[in-house]
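Asker: One structure, as structure tokens, below. Some questions next.
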Amino acid sequence: MNTILEDRDGTVWLGTMAGVSRWDGHGFSSLTVSDGLAGKAALFARSTQALRADGADACCAWFVPGRIEVLGKHTDYGGGRSLVAAVERGFCLVAAPRGDDEVRVHALDRGQVMRFRLDPELAVPHGVWANYPMTGARRLARNFPECRTGADIAFGSDLPPAAGMSSSSA
């Protein structure tokens, strides 16, 4: 077993390299590798292991599917029409709160870790992947000054890079 997580509803999730099992208090239901979960289980396991290597235990986990935009790229938020389709590939992200205001982000596919503080004046670099989480952290610090709980975050993806598949929802 690689991961045990409990969600906000009290459901317990058990992750292994063979699949995912869900305990809802009454019984188990399982999705296995033959159901197409091998890649997702590996992404969650890698992400969780990255946090554990730094001494944190994942408490929250998300999978955000990638999407293909057939029609209407960047028109939906302006009231226009769009035609999108979710795909099986996407981003896996696990996170745990910290006791300070530091945010530590592990980009597993790049083998990089970025550390920064929740700071309304955070200087965000241009042209690097870290500008996305840093901009989000800076915005949180500006809009919610009382928000000073940092996080350990690890993410991985099975989306092919530069293949025209959107992942901005992640």
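The values are calculated or read from the model by the stated rules, or taken from the named source; none is laboratory data. No experiment lies behind these values; they were computed from the predicted model shown. Cβ coordinates were reconstructed from backbone atoms using ideal geometry, including for glycine residues, and neighbour counts include every protein chain displayed. The protein model used for the area step is the full one, side chains on, heavy atoms only, and it has no ligands, DNA or RNA in it. Shrake-Rupley method; radii C 1.70, N 1.55, O 1.52, S 1.80 Å.
Asker: What distance in nm lies between label points placed 7 Å from Cα along the C-beta direction at residue 149 and residue 82?
Answerer: 3.0 nm
Asker: Turning to a different aspect of this structure: Taking only protein heavy atoms and a 1.4 Å probe, what accessible area per residue, in Å², does region 46-155 have with all protein chains in place? Could the numbers behind the result be given before it?
Answerer: Working: 6730 Å² over 110 residues.
Heavy-atom SASA per residue in region 46-155 reads 61 Å².
Asker: How do 96-108, 134-146, 42-54 rank on mean C-beta neighbours within 10 Å, highest first? If you can, show how the numbers build up before the last one.
Answerer: Details: 96-108: 16.5, 134-146: 14.2, 42-54: 19.4.
The peptides rank, most packed first, as 42-54, 96-108, 134-146.
Asker: Note the full-extension length gain between residue 60 and residue 115 as 0.36 nm times their separation in residues minus their Cα-Cα distance, in nm to one decimal.
Answerer: Separation in residues times 0.36 nm, less the Cα-Cα distance, equals 17.9 nm.
Asker: For the pair residue 6/residue 128, report the inter-label distance in nm, with labels modelled 7 Å from Cα in the Cβ direction.
Answerer: Inter-label distance under the simple model: 3.8 nm.
Asker: Under the definition of Cα pairs under 8 Å and six or more residues apart, what whole-number percent is the relative contact order of region 89-133? Could you put the intermediate results ahead of the total?
Answerer: Working: 25 pairs, mean separation 11.9, N = 45.
Answer for region 89-133 is 26 percent.
Asker: Compare 4, 68 by solvent-accessible area with a 1.4 Å probe and give them largest first, with all protein chains kept in place.
Answerer: 4, 68
Asker: For region 79-170, what % of the accessible area comes from carbon and sulfur atoms, probe 1.4 Å?
Answerer: Answer for region 79-170: carbon and sulfur cover 53 percent of the accessible area.
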